[in-house]
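A quick write-up on the structure given underneath.
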């Protein structure tokens, strides 16, 4: 069992640990991310109907899934693909049909076309 898997299990069963985790670890990071989105909203860069509470859970959820269920590492390439293909298309205020850059999964031997 990975450390993250153990922590996630403990967070679901230990109310005191869960409260401390939310207060000391999660809340400051969510506040920092919210501040980034708030600045982007003031500049008109994000959708006016953005569900920020939902959006702020996407990347951490995908990272936790990748580490625990998928047993894969969260590396720069994975984060780049999540940001380019999931987060940015979901949040950006689009005034044209310009497509965003797409980063596919890393090539592995035998998959080149």
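By how many nm would the segment from residue 5 to residue 81 grow when fully extended, if each residue of separation counts as 0.36 nm and the alpha-carbon distance is taken off?
Stretched fully, the residue 5-residue 81 segment lengthens by 25.0 nm.
What does the C-alpha gyration tensor say about the overall shape of the stretch 23-68? Classify as rounded when a/c is under 1.5, otherwise prolate if a/b is larger than b/c, or oblate.
Cα axes put the stretch 23-68 in the oblate bin.
Kindly provide the pair-distance distribution of the stretch 3-91 built from C-alpha pairs, with 10 Å bins from 0 and whole-percent values in order of increasing distance.
Binned Cα distances yield the sequence 14, 40, 34, 11, 0.
The numbers here are math on the coordinates, done by the rules we state, and not lab data. Values in this document were obtained by computation on a predicted structure and should not be read as measured data.
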